[in-house]
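All remarks here apply to the structure that follows.
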Amino acid sequence: MREAVLTWCVPLELLCSHPLPVSAFLKTQVKLYTYRACAGKDEMGKMVSVINTVDTSHEDMIHDAQMDYYGTRLATCSSDRSVKIFDVRNGGQILIADLRGHEGPVWQVAWAHPMYGNILASCSYDRKVIIWREENGTWEKSHEHAGHDSSVNSVCWAPHDYGLILACGSSDGAISLLTYTGEGQWEVKKINNAHTIGCNAVSWAPAVVPGSLIDQPSGQKPNYIKRFASGGCDNLIKLWKEEEDGQWKEEQKLEAHSDWVRDVAWAPSIGLPTSTIASCSQDGRVFIWTCDDASGNTWSPKLLHKFNDVVWHVSWSITANILAVSGGDNK
């Protein structure tokens, strides 16, 4: 069960709050924050301020909230089995859509890149992934994937450079890759037994090749290699790579956590040589993993912080220099 979630857009940071043992917020509220840089350490408390509070009118706890690419729309999902979309421009909160289709708590939502239209994915305890699309101002179910045997806990769209590809992690231990092939059709590939007991999180690597900003010859098209990270109930982070035959292979296994990995977040990149991943866990620890070699074979963990409670989510700013962390300590 997710207690809190932080996610970034430009220029807003969004916090979705949940009923906690000592709750400072209503369980149906989402708070929007703005972030500013401060010169001194004594000003840290002034860096974040609330700019809007959205009363979602969900009838149960909110599990996720995500801003769209332009930061004008907010999608939320809840244990009340619904997904809602709000227009939050200019401090407003206008309900655009109330999407019903899941038969259990909805854990996560994810916006696709707008070059493919207004598309939102959601995943649920009901073992389903639903892809919603807006057509002529009306949101409707575009596709439903029911290929898992247990709760689907995480969904994440690949970089738009690869096309419309959605990774889905499930408690059945498998990861599904849904690829849009046109005319309403989706191709499905499945990585069985990706994590024993279950998969809690998936996060795609940037499409930018590490080191390409420095080494890539001018005018030459980069050789994209599809990669993503996953975190599971086996306390592991795994890195996956698509082979030339289109099959997915486990590339790396990262070990540092002593309890379930709750979230992973691959940092955005402009092509610098270093790749970075953040992870958080039931063990209360947040690690930053870095890899300096282009082959991606050697990853080094650094403990960022040890919290006194479970850490549910980690999320990078679009510039990859700020990491938002949320957990069971209501902070």
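The values are calculated or read from the model by the stated rules, or taken from the named source; none is laboratory data. Every value quoted in this text rests on a predicted model; they were computed, and no experiment measured them. Please note: Cβ atoms are built from the backbone with ideal geometry, for glycine as well, and neighbour counts cover all protein chains shown. Ligands, DNA and RNA are excluded from the accessible area calculation, which covers all protein heavy atoms including side chains. Shrake-Rupley method; radii C 1.70, N 1.55, O 1.52, S 1.80 Å.
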Calculated FRET efficiency for the pair Glu187/Lys253, C-beta based, R₀ 30 Å, to 0.05: 0.65
Virtual paramagnetic centre 7 Å along Cα→Cβ of Asp87, amide N under 19 Å, in the stretch 126-166: 133-140
Taking the chain and dividing mean pair separation by its residue count, relative contact order in percent (alpha carbons under 8 Å, at least six apart): 11 percent
Contour excess over end-to-end distance, with Cα ends at Asn330 and Asn308 and 0.36 nm allotted per residue: 6.8 nm
Percent RCO, i.e. relative contact order, over the stretch 166-213, from Cα pairs under 8 Å lying at least 6 residues apart: 37 percent
Unit charges at the beta carbon, dipole of the chain: most positive-side option, Leu164, Ile318, Pro114: Ile318
Where the chain is the region considered: accessible area per residue in Å², 1.4 Å probe: 46 Å²
Cβ crowding within 10 Å averaged over residues, with 162-168, 64-70 ranked highest first: 162-168, 64-70
Reach of Lys249 by Cα under 14 Å, taken over aspartates and glutamates that are not fewer than 8 positions away in the same chain: none
Whole-number D in µm² s⁻¹ for the stretch 111-155, Kirkwood Cα-pair radius fed into Stokes-Einstein, 25 °C, 0.890 mPa s: 221 µm²/s
Residues in the stretch 304-331 that a label on Ala207 would reach, taking backbone N under 17 Å of a point 7 Å out along Cα→Cβ: none
Sites Ile94 and His160, calculated FRET efficiency, Cβ-Cβ separation with R0 25 Å, nearest 0.05: 0.40
At 1.306 mPa s and 10 °C, Stokes D of the stretch 118-247 from Kirkwood alpha-carbon radius, µm² per second: 101 µm²/s
Built amide H within the under 5 Å cut-off of Ser142, gap 5+: Ile131, Trp132, Arg133
Highest-MSF residue in the chain out of Asp234, Asp60, Asp161 [GNM, Cα springs under 10 Å]: Asp161
Descending principal axes extents, the chain, alpha-carbon based, whole Å: 55, 48, 43
Relative contact order [Cα under 8 Å, 6+ residues apart], the stretch 142-282, whole percent: 19 percent
Other-chain or far-sequence residues with amide H under 5 Å of Asn235's (modelled H): Val261
Protection proxy ranking of 303-311, 322-330 - average other beta-carbon atoms within 10 Å, highest first: 322-330, 303-311
Residue of Val188, Val48, Val261 that the Gaussian network model of the chain assigns the largest fluctuation, springs spanning Cα pairs under 10 Å: Val48
Distance between modelled label sites at Val48 and Thr196, nm, 7 Å Cα→Cβ extension: 3.6 nm
